[in-house]
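Here the structure is laid out as structure tokens; the discussion comes afterwards.
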Protein chains: 2
Amino acid sequence: MADAKNAPKQPPKGSRLIPKGKLLAIGGKEDKGQGQAQDKDQNINFVDEQILKRFVTELKGDNPLVVVIPTASQEPVQSGQDYVQVFQQLGVANVQVMDIRTRRDALQPEHVETVNQAAGIMFTGGDQLRLTSIFGGTDLLEAMKERYAFTNIIIAGTSAGAAAMSTPMIYEGESDGGYIKGDVRLTTGLEFLKDVAIDTHFLARGRIVRMTQAIATNPECIGIGLEEDTAILVTEGGKVEVIGSGLITVVDGMGITETNIFDIQNGEPFTAKGLKVHLLGDKDEYFIPSYSRVQLK
Amino acid sequence: MADAKNAPKQPPKGSRLIPKGKLLAIGGKEDKGQGQAQDKDQNINFVDEQILKRFVTELKGDNPLVVVIPTASQEPVQSGQDYVQVFQQLGVANVQVMDIRTRRDALQPEHVETVNQAAGIMFTGGDQLRLTSIFGGTDLLEAMKERYAFTNIIIAGTSAGAAAMSTPMIYEGESDGGYIKGDVRLTTGLEFLKDVAIDTHFLARGRIVRMTQAIATNPECIGIGLEEDTAILVTEGGKVEVIGSGLITVVDGMGITETNIFDIQNGEPFTAKGLKVHLLGDKDEYFIPSYSRVQLK
């Protein structure tokens with residue numbers, strides 16, 4: 001991992017908390033052993049259930065508890081059951097669905113105890129805005145962050161569940177083109193990772209332009225576009241390992257020399273010159289730039 | 001300060017960097033001794049140049065350098081000169097304008113040296129999106145953050161300059177009403193302060209609803225609305241003191257029990273129940289809730 005090409009030359013300045021937990025952000029449609037991954041037949045790099053098997057491998061402790069959170073989904077019962085089934089097939093006996101559908105549910109204190117017992121958490125897909133507006137500012141989210149900071153838990157999310165893990169969070173694009181100013185909506189994500197915008201179904205839905213618009217408004221943040229059946233595993237709060245059959249796209253705007261994003265009105269096309277883009281595949285490594293920046297609250 | 005009603009009961013968990021610098025976020029139209037503050041005649045709490053005098057009082061060192069950054073403004077020469085004049089009237093001999101108009105300007109390394117010599121920095125008003133898209137991801141912004149983290153610099157901003165200091169940053173509302181989903185645009189701010197959205201001209205332009213929409217999308221963040229000629233001085237990264245002739249409005253969504261923000265389409269009115277609102281005036285104190293949360297990168 002220390003060989004990643006952009007590895008920081010020096011450790012971050014000042015005191016800083018290095019999370020003991022791991023994050024697994026999945027671009028959607030990860031193979032669940034049911035043949036739904038699109039390129040299963042064509043792609044010789046395809047490995048059955050590769051990403052979810054890695055999640056299971058990372059679970060620590062005896063008889064580890066996996067908590068599935070289907071809150072993003074509009075069909076939470078089905079969505080929760082799908083993951084219970086696949087984790088059981090992968091040998092995890094202890095799987096529990098945390099069926100939180102409203103903010104009132106999330107504020108119930110008993111869920112904190114469940115999170116404190118979990119070895120792994122899995123956020124399903126759906127609508128990422130449900131996750132932030134329901135979990136934001138709750139003791140439950142704070143309990144997850146404490147587990148992530150101080151224990152070896154793994155927190156995973158797919159599709160909307162991945163988009164919500166970092167901040168800023170892209171939650172709605174009015175067109176998939178995204179080249180019109182104002183097409184992309186951002187808010188604060190769940191903030192397990194900062195200064196990173198994660199977008200999913202990235203190549204399948206042609207989202208690089210909407211990602212670039214998000215980055216152009218503040219190039220302090222980088223964009224990570226996850227293709228379907230492809231994931232990033234983040235350790236120590238910033239070391240990235242790519243896992244899966246597809247690519248991830250890193251959009252780095254720090255070198256942008258010119259952009260018109262502040263000169264134009266909503267509805268006009270935006271431009272940006274000097275973007276850096278990396279396409280990374282299975283086993284590739286990358287350091288998130290904010291890893292070596294000064295850490296402010 | 002330890003008497004603020006919401007003072008944290010325990011220090012933040014884990015290692016954390018407590019910034020040595022201070023932030024001064026001003027709601028716009030601070031009195032500059034030229035009679036432009038709106039309520040100068042009617043408001044018996046009005047004090048001539050109260051906020052800018054406080055900025056000057058907080059400058060440390062002999063012959064302190066104040067750097068004025070007019071980048072947000074579309075009339076940067078005039079805007080810079082206004083502040084040079086008022087600071088000189090207030091007895092600061094050493095005032096310099098850092099006339100950065102593009103991202104290419106911001107990437108020039110000589111500005112880092114100027115920031116490293118500054119005792120105070122003042123961001124003028126204008127358009128906050130210029131600030132984030134021009135300074136985001138630059139070594140210059142990182143130098144300011146290092147000065148803020150490790151030295152007793154004071155970093156101030158008025159209007160757009162205040163809105164950009166924290167993250168998330170509200171940068172455009174299509175209506176001042178803000179009750180229609182999608183009316184409010186957010187991006188990542190300059191991040192001197194996190195999980196706080198600052199809005200300005202707050203009562204003068206009736207912005208509480210658009211602030212609430214921003215908070216409803218993720219109640220992990222609080223909103224601070226600054227009225228004109230009113231400011232917050234932030235020390236230790238989270239202790240707030242109110243300064244000025246008007247009020248600040250704190251919008252705390254952590255107790256929201258119900259919202260429809262994720263169930264509706266753009267263009268529909270949103271609702272939220274259970275907001276907590278504080279109106280605070282000169283000398284009042286407040287702790288930003290994230291001050292006592294676990295700190296992740």
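Computed quantities for the displayed model
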| quantity | calculated |
| --- | --- |
| Greater than 18 Å apart at Cα, pairs in B:K20/B:K194; A:K145/B:K145; A:K181/B:K194; A:K22/A:K194; A:K194/B:K20; A:K194/A:K239 | A:K145/B:K145; A:K181/B:K194; A:K194/B:K20 |
| Interchain or long-range residues, amide H under 5 Å from A:V97's placed H | A:V68 |
| Other copies of A:T102: label-to-label distances in nm, shortest first, labels 7 Å along the beta-carbon direction | 5.4 |
| Area of A:S290 that stays accessible when all protein chains are in place (1.4 Å probe, Å², to 10) | 10 Å² |
| Rel. contact order, % - alpha carbon contacts under 8 angstrom, at least six apart, the range A:130-237 | 23 percent |
| Residue-by-residue Karplus 3J(HN,Hα) for the range B:193-206, coefficients 6.51, -1.76, 1.60, Hz, glycine and proline x | 9, 10, 6, 9, 9, 9, 10, 10, 6, 6, 7, 4, 10, x |
| Karplus (6.51, -1.76, 1.60) ³J(HN,Hα), θ = phi - 60°, over the range B:216-226, in Hz, Gly and Pro reported as x | 4, 5, 6, x, 4, 9, 9, x, 10, x, 9 |
| Aspartates and glutamates with Cα under 19 Å of B:K283, excluding same-chain neighbours fewer than 8 positions away | B:D3, B:E30, B:D31, B:D39, B:D48, B:E49, B:E58, B:E227, B:E228, B:D229, B:E236, B:E241 |
| Reference-scaled alpha-carbon Rg (2.2 N^0.38 Å with N residues) for the range B:194-266 | 1.19 |
| Extreme residue, positive dipole direction of the range A:22-289, given options A:F202, A:T151, A:G28 (C-beta unit charges) | A:T151 |
| The range B:22-289: relative contact order as a whole-number percent, Cα under 8 Å and 6+ apart | 20 percent |
| Folded to 0 to 90 degrees: helix A:139-150 orientation relative to chain A principal axis, Cα | 90 degrees |
| Residue among B:G225, B:G267, B:G120 with the largest mean-square fluctuation in a Gaussian network model of chain B, springs linking Cα atoms under 10 Å | B:G267 |
| Local electrostatic count at A:V115 - Lys and Arg +1, Asp and Glu -1, tallied over other residues with Cβ under 12 Å | -3 |
| Descending principal axes extents, the range B:116-192, alpha-carbon based, whole Å | 45, 21, 17 |
| Phi to ³J(HN,Hα) by Karplus 6.51 cos²θ - 1.76 cosθ + 1.60 over the range A:158-169, Hz, x for Gly, Pro | 10, 6, 3, x, 7, 4, 7, 5, 9, 9, x, 10 |
| Given charges at beta-carbon only (K, R positive; D, E negative), |dipole| of the protein assembly as shown in Debye | 1180 debye |
| Global geometry of chain B, whether rounded, prolate or oblate, following the gyration tensor of its Cα atoms and the 1.5 cut on a/c | rounded |
| Compactness relative to 2.2 N^0.38 Å, alpha carbon Rg of the range A:169-297 | 1.03 |
| Gyration tensor (Cα) of the protein assembly as shown, equivalent ellipsoid semi-axes in angstrom | 41, 25, 22 |
| Computed magnitude of the charge dipole of the range B:148-278 (debye, nearest 20; Cβ of K, R +1, Cβ of D, E -1) | 80 debye |
| Loop-resident sites, the range A:239-297, for GluC sites (Glu not before Pro), counting at most 15 other Cβ within 10 Å (DSSP) | none |
| Net dipole in debye of the range A:104-177 [+1 Lys, Arg Cβ; -1 Asp, Glu Cβ; about Cα centre; nearest 20] | 180 debye |
| Partner chain coverage, peptide A:124-134 - average Cβ within 10 angstrom | 4 |
| Amide hydrogen neighbours beyond the local backbone of A:L65, cut-off 5 Å, H modeled | A:A119, A:G120 |
| Summed buried accessible surface, chains A and B, 1.4 Å probe, nearest 100 Å² | 6000 Å² |
| Alpha carbon centroid spacing (whole Å) that separates the range B:138-203 from the range A:204-268 | 21 Å |
| Accessible area, probe 1.4 Å, largest first, for residues B:K276, B:K60 | B:K276, B:K60 |
| Net charge of neighbours whose Cβ lies under 9 Å from the Cβ of B:G28, counting Lys and Arg as +1 and Asp and Glu as -1 | -3 |
| Global form of the range B:54-147, assessed from the alpha-carbon gyration tensor, a/c cut-off 1.5 | oblate |
| Label point 7 Å beyond Cα along the C-beta direction, distances from B:N260 to other copies (nm, shortest first) | 3.9 |
| CD proxy at 222 nm, helix term only [per DSSP H run n ≥ 4: -39500 (n - 2.57); per residue of chain A; nearest 500] | -6000 deg cm²/dmol |
| DSSP beta bridge pairing in chain B, given as percent antiparallel to the nearest 5 | 55 percent |
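The values are calculated or read from the model by the stated rules, or taken from the named source; none is laboratory data. Quick caveat: nothing in here was measured; it's all calculated off a predicted structure. Please note: Cβ atoms are built from the backbone with ideal geometry, for glycine as well, and neighbour counts cover all protein chains shown. These area figures cover heavy atoms from the full protein model, side chains too; ligands, DNA and RNA do not enter into them. Shrake-Rupley method; radii C 1.70, N 1.55, O 1.52, S 1.80 Å.
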